[in-house]
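Step one of this worksheet: look at the structure below.
Bear in mind that the values in this text are calculations on the coordinates, not laboratory data. This structure is a prediction, so every number in the text was calculated from the model and none was measured.
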Amino acid sequence: MSAQVDRFVHDRLPPAAQLPVFRYELPELQLPDQLNLVEELLDKAAAKGFGDKPMLRSPQGTLTYAQAGVAATSGGGSVLGLPLANIVIAQTSQGTCTSGGAGVITVTCNQGVMAPGTSSTVTVIVQIQSQAVLNSVVASGTDAAGTLIPNANASITTTVPLPTVSNITTAVSVAGNAQVPNPNVGQAGNIIWTISNTTTTAAPNVVFTIFTPNGLTINAPNPPSVSVNNNGAGSCGAGTATTINGVSGTLFTCTTPTLGGSTKNGAKPPQTMIITQNVTPAAGTSKAVFNVIGTLSFGPGGTDTLPSSKTVVITVR
């Protein structure tokens, strides 16, 4: 029995009386009526101990069964600044990457199963906090038999000049809005933060911190979600417990590489970062007043000609 539609070979076999007797008594010849020859002869070869055996020879080189079969691989990359650089976001053309954010200097990207001869590209956006960034990448994986493939390593150092500190003076606005400013206990509501620079003087290394006092339960998205217009990128790191002016709460740090700047070739630079957090007054907070504080900085040594802090007041009923 065959699933092959093309009968060219079958129709040209000798008559059955002239064919030899086919006997499949050996255990390794006990096969189903239908099977995938590529899987049996190629993909399973490594598992049977033939992984390092030649499968194909050509003037360009020799390909083993393990190299020709399906390979599952994952890669990890770390971006280390001297002394520090934040990974804002990491994206891969195949698979997924771990999240970036404030204080994140290492990401891992899992490409899943990669067919022989294919490639995957990982793009990393970094918020530079020094003039040199060391990008070190380690790729690892297994062959079709599950055998580890030797790691591949690469690194490169990129030096980026920083703007003169004394020249970073621009107008970056900070706005905060509670969509439910007077909630009941247990009633969720969004707080929308808008950080914007529409001037031609760019604000580099923008950092926005959000202090949320205890008593407000922080819902998903946690950490807060970030969007930046004009193809910009940004992210918020995981919250950390802190105390400000005797009030305990959670501090989120959100970053974007730059806001504002001149228009080149008709393309607008990223100008506005919008951060969304969702909170709910916890049980026992009736009549309580909560001050959620957002604070902006950029630079190093940046000077904002507009107020760089905003307090959103939530008064529970």
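If you take the square roots of the eigenvalues of the alpha-carbon gyration tensor of the stretch 162-317 and sort them as a ≥ b ≥ c, do you get rounded (a/c under 1.5), prolate (a/b over b/c) or oblate?
Working: a/c = 2.47, a/b = 2.02, b/c = 1.22.
Judged from the Cα gyration tensor, the stretch 162-317 comes out prolate (a/c at least 1.5, a/b above b/c).
Report, in whole Å, the centroid distance computed from the Cα atoms of the stretch 195-235 and the stretch 248-302.
Spelled out, the Cα-based centre of one part sits 3 Å from the other.
Compute the length gained on full extension between Thr303 and Ser93: take 0.36 nm times their separation in residues and subtract their Cα-Cα distance, giving the result in nm to one decimal. Please list the in-between numbers first.
Values: separation 210, 0.36 × 210 = 75.60 nm, distance 3.84 nm.
71.8 nm is the gain from fully extending Thr303 to Ser93.
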